[in-house]
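Here the structure comes first, spelled out in structure tokens, and everything after it is commentary.
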Amino acid sequence: MKGDIRIYQFGLWKLALLGVGPFRGQVERISFRHTGGEPSNLFLIMAPNGRGKTTALEAVYFLMSMLDPAFSTRSEVAEHDFFGEPNAKLQLDLLMQIGVGQAPERRVLLSLSWGDVGDTGLSGWTESPLEDGVADYWLRIGYSRDSTSGGVSEMEYSVDALRGWERPEEPARLLSSLRELIASGSTEAWTGFSGSDAAVRPTVLYFASGRDITRDHQDEHRLGRPSVPQYRVAHRFEREGGVWASSLENLLVWFYWLSPVIYEEARTLVNQLVFDGGIEKQLEATPQKDPPGVRVGYAGESHGLDRLSSGERNLTQFALRYHAHRTRFTVLLIDEIELHLHQEFRRKLVQLLKDEVSRNADGTTVVFTSHDDYVIDEVDLDTDEDPVRKMPHFVWR
């Protein structure tokens, strides 16, 4: 039962890629291990264009989607580029601290794989996948494309290959409990910024490089249930399309309908982060009713979110989507973090990420790409800011 399992720590450990993007000739391995021995929680990937930065983020997003028990039946799996790569092999290793029932906490390495990566996986283990005693137990979830049916099939792993378990039934039972915990989140009420029991579940939030807010929604502006109003393992945020139901304005109006307190939390966040406290420019205190929408007040006038500058739109989208969908165990992926942002907004965003990691050092992991010197200076890799565990990764080949 889901009540039997408790997650205390959740972080990325290793990523291995082969047969995708620029990583076709040999395995590319990325270690998220911090110099202190724990998983890093603020991880910067730097590389010239075309060297696989986006491919690495796509792999983390795709592999973490496997935590969804319905992964093999979701249409977006077959639509992903990796599905069409016949030689693709991917593996993401997660380090988790888990409690089950009355048993003591266990450090578990959970490997998520796409394609047949063999008994010891793709991560470059030597004698044991439990590298240097970093974990005591190993679990695996793997899927591959079924060449016969054209669908997705789940890999089966022998208990002997998993190692570390006292009883052979333990790995299957723990995976079953984890999947039940995750699956139950999609049936629970969504409460916006205020959090819920879903906060104990892992999720990945991926802000792709195409993110923005479009101008002028083409359909009727009326209050509707947001397109994703509940917990999901994986969220992908790109361009806020021209459909009103999936727009940020509708999300904010929905917050107000749920509770003016939730709306005020969201409004305060945007006013402070984007509009410097909302003295001259701010989201208005009450949404417009007919047609429903949220107005930005400035110099005695008002306008919609789509009339903000590109940098304001980008930062607003990030702040609202992240805070609406984050959980206790969130992996946040941002491709080209500097996109649309001038230097002050870049500084604000980097500081926000550091604050989020500091607040939840063993649950929040931020992985982002950049080749902007100003962003790199703001991250300040050489300065210890415990509990922020910063690490860079360079991809040059």
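The values are calculated or read from the model by the stated rules, or taken from the named source; none is laboratory data. The model shown is predicted, which means the values in this text are computed figures rather than measured ones. Reconstructed Cβ throughout: ideal geometry from the backbone, glycine too, with neighbour counts over all protein chains shown. Ligands, DNA and RNA are stripped out before the accessible areas are found, and what is left, the full protein with its side chains, is counted by its heavy atoms. Shrake-Rupley method; radii C 1.70, N 1.55, O 1.52, S 1.80 Å.
Please work out whether segment 1-156 counts as rounded, prolate or oblate from its C-alpha gyration tensor, where a ≥ b ≥ c are the square roots of the eigenvalues and a/c under 1.5 means rounded, while otherwise a/b larger than b/c means prolate and anything else oblate?
oblate
Counting Lys and Arg as +1 and Asp and Glu as -1, what is the net charge of the other residues whose Cβ lies under 14 Å from the Cβ of Val375? Walk me through the numbers on the way to the answer.
Details: positive: Lys53, Arg346, Arg347, Lys348, Lys354, Lys390; negative: Asp335, Glu336, Glu338, Glu344, Asp372, Asp373, Asp377, Glu378, Asp380.
That sum, taken over residues with Cβ under 14 Å, equals -3.
If you work out Cα extents along the principal axes in Å from the coordinates, which of (i) 70, 45, 43; (ii) 58, 57, 37; (iii) 78, 41, 40 do you get?
Answer by label: (i).
Which order do the peptides 85-98, 380-393 come out in when sorted by mean C-beta neighbours inside 10 angstrom, highest first?
Ranked from most to least packed, the peptides come out as 85-98, 380-393.
Can you give me the distance in nm between label points at Asn49 and Leu223, each placed 7 Å from the Cα along the Cα-to-Cβ direction?
Reported label-point gap for Asn49 and Leu223 is 4.5 nm.
Taking Cα centroids, how far is segment 288-367 from segment 62-130 in Å?
Here the answer is 30 Å between Cα centres.
Provide the gained length on full extension for the span Ser209 to Arg173, in nm with one decimal, where the gain is 0.36 nm per separating residue minus the Cα-Cα distance.
Full extension from Ser209 to Arg173 adds 9.1 nm.
Sequence-distant or interchain residues sharing an amide H contact under 5 Å with Val152, placed H: which?
Placed amide hydrogens put Asp146 under 5 Å from Val152.
Find how much the distance from Gln351 to Ser128 grows on full extension, using 0.36 nm per residue of separation minus their present alpha carbon separation; answer in nm with one decimal.
Length difference between fully extended and current span is 76.4 nm.
How much length, in nm to one decimal, is gained on full extension between Ser302 and Ala285, taken as 0.36 nm per residue of separation minus their Cα-Cα distance?
4.9 nm
Pop out the ³J(HN,Hα) list for segment 22-33 in order, Karplus 6.51 cos²θ - 1.76 cosθ + 1.60 with θ = phi - 60°, rounded to Hz; leave Gly and Pro as x.
Values per residue, Gly and Pro as x: x, 9, 10, x, 8, 5, 9, 10, 10, 9, 9, 6 Hz.
If I model a spin label at Asp377 and His340 as a point 7 Å from the Cα along the Cα→Cβ vector, what separation in nanometres do I get?
Between Asp377 and His340, the label points sit 2.5 nm apart.
Rolling a 1.4 Å sphere over the protein heavy atoms, what is the accessible area per residue of segment 27-143, to the nearest Å²?
37
So how compact is segment 77-217: Cα radius of gyration and Dmax in angstrom?
Rg and Dmax of segment 77-217, Cα atoms, are 18.1, 60 Å.
Note down the relative contact order for segment 311-397 as a percent, whole number, built from C-alpha pairs under 8 angstrom at least six residues apart.
About 32 percent, as a whole number.
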